[in-house]
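Novice: Got a structure here, written out as structure tokens. Questions coming.
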Amino acid sequence: MNITTMTATVVWENCLIFIKDNISPQSYRTWFEPTKAVKLANNALSIQVPSKFFYEWLEEHYVKILRSALVRELGENAKLLYVINMGNSKEGDASLMERLPSSNRASVKEQAINVPLKTKNPELKNPFVIPGIRDVKIDSQLNVNFNFENFLEGDSNRLARSAGYAIANKPGGTSFNPLLIFGGVGLGKTHLSHAIGVEVKEKFPEKTVLYVSAEKFTQQYIESVKKNNRNDFIHFYQIIDVLIVDDVQFLSGKSGTQDVFFHIFNHLHQNGKQVILTSDKAPVDMQDIEQRLLSRFKWGLSAELNFPDYETRVAIIKNKLFHDGVDMPEEIIQFLANNIKTNIRELEGAIISLIAHSSYNKSEITLDLAKTLVENYVKNTKREVSIDYIQKIVSDYFSMDVETLQSKTRKRHIVQARQLAMYFSKKLTKASLASIGRQIGKRDHATVLHACKTVDNLSMTDKQFKKYVEDLTQKLSM
Ligand code: ADP
Ligand code: MG
């Protein structure tokens, strides 16, 4: 390895560490592990990717993070060049490395792609740097790829979709205010909420639209309290015409944020502004959300997204393939639609793995490949578990019902079951100690903390108990 490849490797490895921290392990494995640094010259880092498809995918989905990583390593003048290996991918690494500097070899195609140096859009991203609020343009934070056109319609989403469309034509002017879109993971809540925003922007460019996740909203709020500019925060949100808050279940148990959201909501609603909310639960099932806020969520329309039926799944797959410019035999499409029944994100994940795999190995997409991948894919994908689900599994395991597990009794085996449920809730969900306690028999956060410590201790000292933990870990990881 010569000196330029060596420095290039070091620089790229540092970039990869940063990237790995910021994306999902699955994406990292699929898109970044197969890359390799080739050379570094004049702040331009060349990396080798297995195919043109990889390069396009990286550019489409990861350009921002690539830019951040490179700028960190090489400064503002950083450039990224892709080397697409058109040769036989089974060749040894060393020979490939040595060959590469003379990039005009027929088997190696070098394609220079500049990493955009500055954000194209200098508009406001952060609500806290608002000098003279009035004339500020707000970046909507919308993803234009999540539009109505590629949000395919089916029985599973008809109500939510058409209500969303009606709103986009008349924001604030329908009885669907707020619109609450709810449904399980990966069923299209985020996509549909963006689509409404994108459509509004198209029809009413002068309207201020803002998409924000409830999590980000919460962070911003906490920050504003720290910096003592809570009022600026509230004013910022009060000038929005169409406010989209994604995953409002995240607000559960956060009373300060709920309170501020309540005021913003009232202000917007009274002024005929549109509010769109999404949640993974129906309003009746939302825990730890203040009653006054919940009742407001129910003012407009709550529309559920369900898992799409077979025809819609086929249509979604075809649309995705069309969008990515990939051909796939009908039998494979049917196989995927038949076998992935969990959610649309997994369906897409499987398609992407399939394309990446065949592109990496330069092989055809075959039914066999699809079968192997789906098997691995479905096995390796962790489901999100809920506290309810954990309580159910733990109770079943100890042959008791959930009420017994939650009861106030001090009977040893019941206490242990309860503590295990708390321990796994802490381990497998993002819920706070307080919220776990409330959901498992109305205990406080100290009880949950104590439970977690007890389980840790017992599983080190007590063989039988260790077995419980192992069995339950297995049951809960599906
Ligand atoms: P959620 O927010 O409910 O977890 P997302 O909106 O992130 O789900 O959707 C997961 C993936 O499924 C996204 O890539 C989205 O584009 C896709 N998707 C969901 N519903 C549809 C649909 N009706 N048509 C096409 N793609 C969809
Ligand atoms: Mg979402």
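The values are calculated or read from the model by the stated rules, or taken from the named source; none is laboratory data. All of these numbers come straight from a predicted model, not from anything done at the bench. Virtual Cβ from ideal backbone geometry, glycine too; neighbours counted across all protein chains shown. For the accessible areas, the whole protein counts, side chains as well, though only heavy atoms, and no ligand, DNA or RNA atoms are used. Shrake-Rupley method; radii C 1.70, N 1.55, O 1.52, S 1.80 Å.
Novice: When only DSSP loop residues count, what GluC sites (Glu not before Pro) in segment 1-82 have their Cβ near at most 15 other Cβ atoms within 10 Å?
Specialist: Sparse-neighbourhood loop GluC sites (Glu not before Pro): Glu76.
Novice: If contacts are Cα pairs under 8 angstrom and at least 6 residues apart, what is the relative contact order of segment 158-305 in percent? Could the numbers behind the result be given before it?
Specialist: Values: 243 pairs, mean separation 58.1, N = 148.
39 percent.
Novice: Now a separate question. Determine ³J(HN,Hα), in whole Hz, for all residues of segment 39-53 in sequence, where each value follows from phi through the Karplus function 6.51 cos²θ - 1.76 cosθ + 1.60 and θ = phi - 60°; x replaces Gly and Pro.
Specialist: Working through the residues one at a time gives 7, 9, 9, 6, 6, 9, 9, 9, 10, 9, 10, x, 7, 4, 4 Hz.
Novice: While we're on this one: Quick check for you: with a 1.4 Å probe and neighbouring chains kept, what is the accessible area per residue of segment 256-312, in Å²?
Specialist: I get 42 Å² per residue for segment 256-312.
Novice: Still on this model: Per 0.36 nm of contour for each residue apart, how much would the distance between Glu153 and Asp259 grow if the chain were fully extended, relative to their Cα-Cα spacing? Before the final figure, lay out each step's value.
Specialist: Details: separation 106, 0.36 × 106 = 38.16 nm, distance 3.59 nm.
Difference between extended and current length: 34.6 nm.
Novice: Quick check on the chain: of the DSSP beta bridges with both residues there, what percent are antiparallel, nearest 5%?
Specialist: That works out to approximately 30 percent antiparallel.
Novice: Sticking with this structure for a sec: Compute the separation of the alpha-carbon centres of segment 274-334 and segment 195-246 and state it in Å as a whole number.
Specialist: For segment 274-334 versus segment 195-246, the Cα centre distance is 22 Å.
Novice: Between Lys463 and Gln238, 0.36 nm times their residue separation minus their Cα-Cα distance comes to what?
Specialist: 75.2 nm
Novice: I've got another one for you. Residues of segment 324-351 with the amide nitrogen closer than 17 Å to a label point 7 Å from the Cα of Glu311, along Cα-to-Cβ, please.
Specialist: 334, 337-338
Novice: Please identify every one of the trypsin sites (Lys or Arg not before Pro) in segment 12-92 that sits in a loop by DSSP and has no more than 14 other beta carbons within 10 Å of its own beta carbon.
Specialist: Lys90
Novice: So, one more: Going down the table (Lys226/Lys426; Lys203/Lys320; Lys427/Lys466; Lys189/Lys281), which pairs top 19 Å between alpha carbons? Mind showing how you got there, number by number?
Specialist: Working: Lys226/Lys426 27 Å; Lys203/Lys320 25 Å; Lys427/Lys466 16 Å; Lys189/Lys281 11 Å.
With Cα atoms farther than 19 Å apart: Lys226/Lys426; Lys203/Lys320.
Novice: Expressed in nm², what is the orientationally averaged projection area of the convex hull enclosing the Cα positions of segment 387-476?
Specialist: Computed as one quarter of the Cα hull surface, the answer is 4.9 nm².
Novice: Here is a further query. For a paramagnetic label modelled at 7 Å from the Cα of Lys392 toward its Cβ, which residues of segment 401-428 fall within the zone defined by backbone nitrogen distances under 12 Å?
Specialist: 402
Novice: Follow-up question, since we're still on this one. Please work out the Cα convex hull volume for the chain and give it in Å³ per residue. If you can, show how the numbers build up before the last one.
Specialist: Numbers: hull volume 91.5 nm³, N = 478.
Here the figure is 191 Å³ per residue.
Novice: Suppose R0 equals 41 Å; then what is the FRET efficiency for Val402 and Glu348 from their Cβ-Cβ distance, rounded to the nearest 0.05?
Specialist: Working: r = 34 Å, r/R0 = 0.84.
Given R0 = 41 Å and the Cβ-Cβ separation, E is 0.75.
Novice: Would you mind checking which residues have amide H under 5 Å from Lys79's amide H? H placed 1.01 Å from N; only 5 or more apart, or other chain.
Specialist: Residues meeting the criterion, in which the H sits 1.01 Å from N, are Ala44, Leu45.
Novice: How high is the FRET efficiency between Lys371 and Arg72 when r is their beta carbon distance and R₀ equals 35 Å, given to the nearest 0.05?
Specialist: Given R0 = 35 Å and the Cβ-Cβ separation, E is 0.25.
Novice: A further question on this structure: What ³J(HN,Hα) values, in whole Hz, does the Karplus curve 6.51 cos²θ - 1.76 cosθ + 1.60 give for segment 229-244 when θ = phi - 60°, with x put for Gly and Pro?
Specialist: With the stated coefficients, segment 229-244 comes to 10, 4, 5, 4, 4, 5, 4, 4, 6, 6, 8, 7, 8, 10, 9, 10 Hz.
Novice: Could you work out [θ]222 nm for the chain from helices alone, using -39500 (n - 2.57) per DSSP H run of at least four and dividing by all its residues? Round to the nearest 500 deg cm²/dmol.
Specialist: One gets -16500 deg cm²/dmol as the mean residue ellipticity at 222 nm.
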